[in-house]
Amino acid sequence: MSEPRVLVVFFSRTGTTRLLAFTLARMLSADIEEICDLTERRGVSGYLRCLMDSWRRRPAEIVPAGLDPAQYDLVVVGTPVWAGAASAPVRAYLLENRLKFRHVAFFCSFGGFGSQAAIDEMHELAGRAPVAQCKTRAGTVHCGMVAASLAIFVSALKLHLAHYKALEWAC
């Protein structure tokens, strides 16, 4: 029985979601890919652009993915929450790749509100329910108190993968 292949895909404007993604990739022995947005999002004007894209539910123009999600048993997708929504680059990634996912899981970082709405939007965009989800306050990431919630998330993912691979082997 082969080892399950896992891909962690993320977008991060400030670095918080990036930190979560690299931690998860290490914990899962996963490949990792950052979504590259072609829109300028730095500074105050970039922040305002993020808000506008979120309110309009507009996908961003992104660089095509380098790794093919169809080659993975599980794709774990991470986004910052922008005004109660998934980020525009993640929105674009999910729309472009929705037919390639076998199984998905979602994580997000947020500062205020809307984390469940962002996860629900990701579910709709991906066209499938996540096998697990993790919502993390940005403040807990930056003070180093996120290990417990990530450990629970990773345990759920590993349990799902073990079950999935056992069923695949039985067929």
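Given the options Ser115, Ser87, Ser155, which has the most mean-square fluctuation in a GNM of the chain, springs set between C-alpha atoms less than 10 angstrom apart?
With Cα springs under 10 Å in the chain, the top fluctuation among Ser115, Ser87, Ser155 is at Ser155.
With +1 on each Lys and Arg Cβ and -1 on each Asp and Glu Cβ, how big is the dipole of the stretch 44-171 about its Cα centre, in debye rounded to the nearest 20?
For the stretch 44-171, the charge dipole is close to 140 debye.
Report, in degrees rounded to the nearest 10, the 0 to 90 angle that the Cα long axis of helix 147-170 makes with the longest principal axis of the chain.
Helix 147-170 sits at roughly 40 degrees to that axis.
Please find, in a Gaussian network model of the chain (springs between Cα atoms separated by less than 10 Å), the residue of Cys36, Cys143, Cys108 whose mean-square fluctuation is greatest.
Comparing Cys36, Cys143, Cys108 in a Gaussian network model of the chain, the most mobile one is Cys143.
By DSSP, what percent of the beta bridges with both residues in the chain are antiparallel, rounded to the nearest 5?
The antiparallel proportion sits near 10 percent.
Return one whole number: the accessible area per residue of the stretch 1-159 in Å², for a 1.4 Å probe.
For the stretch 1-159, the per-residue accessible area is 48 Å².
Using only the C-alpha atoms of the stretch 1-63, find the volume of their convex hull and express it per residue in Å³.
97
With angles folded into 0 to 90 degrees, how steeply does helix 43-56 sit against the dominant principal axis of the chain? Use alpha carbons for both and round to 10.
Result, in degrees: 70.
For Ala118, what charge total do you get from the other residues with a beta carbon under 12 Å from its beta carbon, if Lys and Arg give +1 and Asp and Glu give -1?
Around Ala118, the surrounding residues sum to 0.
Relative to the longest principal axis of the C-alpha atoms of the chain, give the angle of the C-alpha long axis of helix 88-97, reported between 0 and 90° and rounded to the nearest 10°.
The angle comes out at about 40 degrees.
7 Å from Cα along Cα→Cβ at both Ala70 and Arg98: what's the point-to-point distance in nm?
Result for the modelled spin labels: 1.7 nm.
Based on DSSP, what percent of beta bridges with both residues in the stretch 1-95 are antiparallel, to the nearest 5?
That works out to approximately 25 percent antiparallel.
Only bridges with both residues in the stretch 76-171 count here: give the DSSP antiparallel percent, nearest 5.
That works out to approximately 15 percent antiparallel.
Going through the stretch 1-83, which trypsin sites (Lys or Arg not before Pro) have at most 14 other Cβ atoms within 10 Å and a DSSP loop state?
Listed in order of number, the matching sites are Arg42, Arg57.
Using the charge dipole of the chain (Lys, Arg: +1 at Cβ; Asp, Glu: -1 at Cβ; taken about the Cα centre), state which of Gly66, Ala138, Val8 has its Cα farthest towards the positive end.
Of the candidates, Ala138 comes out farthest on the positive side.
Report the net charge of residues surrounding Val63, where surrounding means a beta-carbon distance below 10 angstrom and charges are Lys +1, Arg +1, Asp -1, Glu -1.
For residues surrounding Val63, the net value is -3.
The values are calculated or read from the model by the stated rules, or taken from the named source; none is laboratory data. Fair warning: this is a prediction, and the values are worked out from it, not measured in the lab. Positions of Cβ are backbone-derived with ideal geometry, glycine not excepted, and every protein chain shown enters the neighbour counts. All accessible areas refer to the heavy atoms of the entire protein, side chains included, with ligands and DNA or RNA removed. Shrake-Rupley method; radii C 1.70, N 1.55, O 1.52, S 1.80 Å.
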